[in-house]
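One structure is given below, encoded as structure tokens.
The values are calculated or read from the model by the stated rules, or taken from the named source; none is laboratory data. All values reported here derive from a predicted model rather than from experimental measurement. Backbone-built Cβ (ideal geometry, glycine too); neighbour counts: all protein chains shown. Note: accessible area is taken over every heavy atom of the protein model, side chains too, but ligands, DNA and RNA are not part of it. Shrake-Rupley method; radii C 1.70, N 1.55, O 1.52, S 1.80 Å.
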Amino acid sequence: MELAWYALLGLFFAAYLVLGGYDYGVGLLLARGGGPDRRRAALTAVGPFFLGNEVWLVAAVGILFGAFPTLEGELLSGFYPVVAAALAGVVAVTVGVQLRSRPTDGRARAAWDRVVVAGSLLAALGWGGLLAGLLQGVPLTAAGHVAGLGHVATPFVAAAGVTMVALVTVHGAIFLTLRLPAADAAPLARTARRLVVVALAAVALATVAGGLSDRVRAAAQRPLFAVLLPFVLVTALLVARAALARRRPGVAFAATSAALALPVALVGAALWPYALVSTTDPAASLTVTGGAASGPTLALLGWLTVPLLPALLGFQAMCWWVFRGRTDGRAPVYW
């Protein structure tokens, strides 16, 4: 039962990275400039999906708190800087998007746009740093508590955060090629192809940093999955670039979605059966079973969650169906 809940936690977080990822990617692209009309068009494109995408984060956090209370406590204390940065970014983006339309003064709107950019950057850095921190292991005391915060200030964590920023930026650019009018989408497709090169460079940097890290090599219980991670990212990015060149933004979007979702599964598989691997005392490592709630609690949560997943999937499908197509009412070429 613990494995099922762990997989569900990973599914919800991966779905959030895919759906929230293009929110943050669009937010980061606001820094390109181009005037208020371009920024307004980009936010209009993402607007109908924005709040619905964050529901997946709320659901993932709910599972973490309810089904894995021990793991939740150690994550919040042991990864406080990156988690706090990510959540602050989520709040900043939400506030900025909601309030930028209130003032009529252009400078005030530009200020809120900068809040959205900064929040998107924090969110991407934070979630990328969290995944990297899990993969490289943490210093656990004999009592099973995370000691200090130095493990989040490593080259690998920093490189992974930069990689996540690059990935969501590409993802957001490709999303806009599907949503903006064709005349505006064409330049963004070219921008997305250039951003893929930047993302590939970031993946290479993170791979080198991870390969040089003794912590990563020691923490991975199944090294094959850790080794697969950069290959999966590179393959997905190359597929996205080729699809953009052939004017198939739907295929490109599917590829970048995989690039954001699969790392969650691969990190979990590389650490299994542990949720937190100790780099100081192997006996103190926290297993998935040890971090989970009791059997009766998981069974009770199951009855609450059974209707939740189809409701979330149905809501997401409805949003995509109702707001399908470009913002000018024309249908994009998906495939």
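Over the C-alpha atoms of the stretch 1-133, what are the Rg and the largest Cα-to-Cα span, Dmax, in Å?
Both quantities, over Cα of the stretch 1-133: 16.1, 55 Å.
Taking each pair of distinct Cα atoms in the chain once, what is the resulting Kirkwood hydrodynamic radius in Å? It would help to have the intermediate numbers written out before the result.
Values: mean 1/r = 0.0490 Å⁻¹.
Over the chain, the inverse of the mean reciprocal pair distance is 20.4 Å.
Given contacts defined as C-alpha pairs under 8 Å and at least six residues apart, what's the relative contact order of the chain, whole-number percent?
On the way: 516 pairs, mean separation 81.4, N = 335.
So the answer I get is 24 percent.
Going by average Cβ neighbours within 10 Å, how do the peptides 291-302, 146-157 rank, with the highest at the top?
Working: 291-302: 14.8, 146-157: 18.2.
Ranking the peptides 291-302, 146-157 by packing returns 146-157, 291-302.
Output the Cα-based Rg and Dmax of the stretch 67-110 in Å, rounding Rg to one decimal and Dmax to a whole number.
16.3, 48
Give, as a single signed number, the net charge of other residues whose beta carbon lies under 15 Å from the beta carbon of residue 200, with Lys and Arg counted +1 and Asp and Glu -1. Spell out each step's value before the answer.
Values: positive: 193, 194, 241; negative: none.
Net local charge, residue 200 excluded: +3.
To the nearest 0.05, what FRET efficiency results for residue 107 and residue 238 with a Förster distance of 35 Å applied to their C-beta separation?
Numbers: r = 42 Å, r/R0 = 1.19.
Efficiency for this residue pair is about 0.25.
Based on the mean of other beta carbon atoms within 10 Å per residue, what is the order of 188-194, 119-125, 211-217, most packed first?
Working: 188-194: 19.3, 119-125: 25.9, 211-217: 15.6.
My ranking of the peptides, most packed first, is 119-125, 188-194, 211-217.
Computed on alpha carbon atoms, what radius of gyration and Dmax characterise the stretch 86-146, expressed in Å?
Using the Cα atoms of the stretch 86-146, the pair Rg, Dmax is 17.1, 58 Å.
Can you list residues whose amide H is under 5 Å from residue 276's amide H, if they're 5+ apart or on another chain and H is modeled 1.01 Å from N?
286
Bins of 10 Å, beginning at zero and ending with the bin holding the largest distance: percent of Cα pairs per bin for the stretch 151-233, please.
With a bin width of 10 Å, the distribution comes to 18, 39, 25, 14, 4, 0.
Rounded, prolate or oblate for the stretch 124-184? Axes are the square roots of the Cα gyration tensor eigenvalues, ordered a ≥ b ≥ c, and the cut-off for rounded is a/c under 1.5.
Here the stretch 124-184 falls in the prolate category.
Which Cα, out of 166, 126, 84, lies furthest along the positive dipole direction of the stretch 53-176 (beta carbon charges, K/R +1, D/E -1)?
Farthest towards the positive end: 166.
Per residue, what volume in Å³ does the convex hull of the Cα atoms of the stretch 245-335 enclose?
Working: hull volume 13.7 nm³, N = 91.
Residue-normalised Cα hull volume stands at 150 Å³.
What is the diffusion coefficient of the stretch 209-291 in µm²/s, taking the Kirkwood radius over Cα pairs and the Stokes-Einstein relation at 10 °C with a viscosity of 1.306 mPa s? Provide the component values of the computation, followed by the final result.
Numbers: Rh = 14.2 Å.
In µm²/s, the coefficient is 111.
Identify, among 292, 206, 176, the residue whose Cα sits farthest towards the positive end of the charge dipole of the stretch 166-293, taking +1 on the Cβ of Lys and Arg and -1 on the Cβ of Asp and Glu, with the dipole about the Cα centre.
The one lying farthest along the dipole's positive direction is 176.
Taking the Cα centroid of the stretch 1-50 and of the stretch 221-245, what is the distance between the two, rounded to the nearest whole Å?
Going from one Cα centre to the other spans 20 Å.
Of all accessible surface on the stretch 197-319 at a 1.4 Å probe, what whole percent is carbon and sulfur? Numbers along the way, then the final one.
Numbers: 4530 of 6150 Å².
Roughly 74 percent, rounded to a whole number.
On average over all directions, what projected area in square nanometres does the stretch 71-220 have, based on the convex hull of its Cα atoms? Please list the in-between numbers first.
Numbers: hull surface 43.7 nm².
Convex hull of Cα atoms, orientation-averaged projection: 10.9 nm².
Beta carbons within 10 angstrom, averaged per residue: use that to sort the peptides 308-316, 255-263, 62-70, highest first. Numbers along the way, then the final one.
Working: 308-316: 13.0, 255-263: 23.3, 62-70: 18.3.
The most tightly packed comes first, giving 255-263, 62-70, 308-316.
Taking the Cα centre of the chain as the origin and placing charges on Cβ (Lys, Arg +1; Asp, Glu -1), which of 280, 245, 63 is farthest toward the positive end of the dipole?
245
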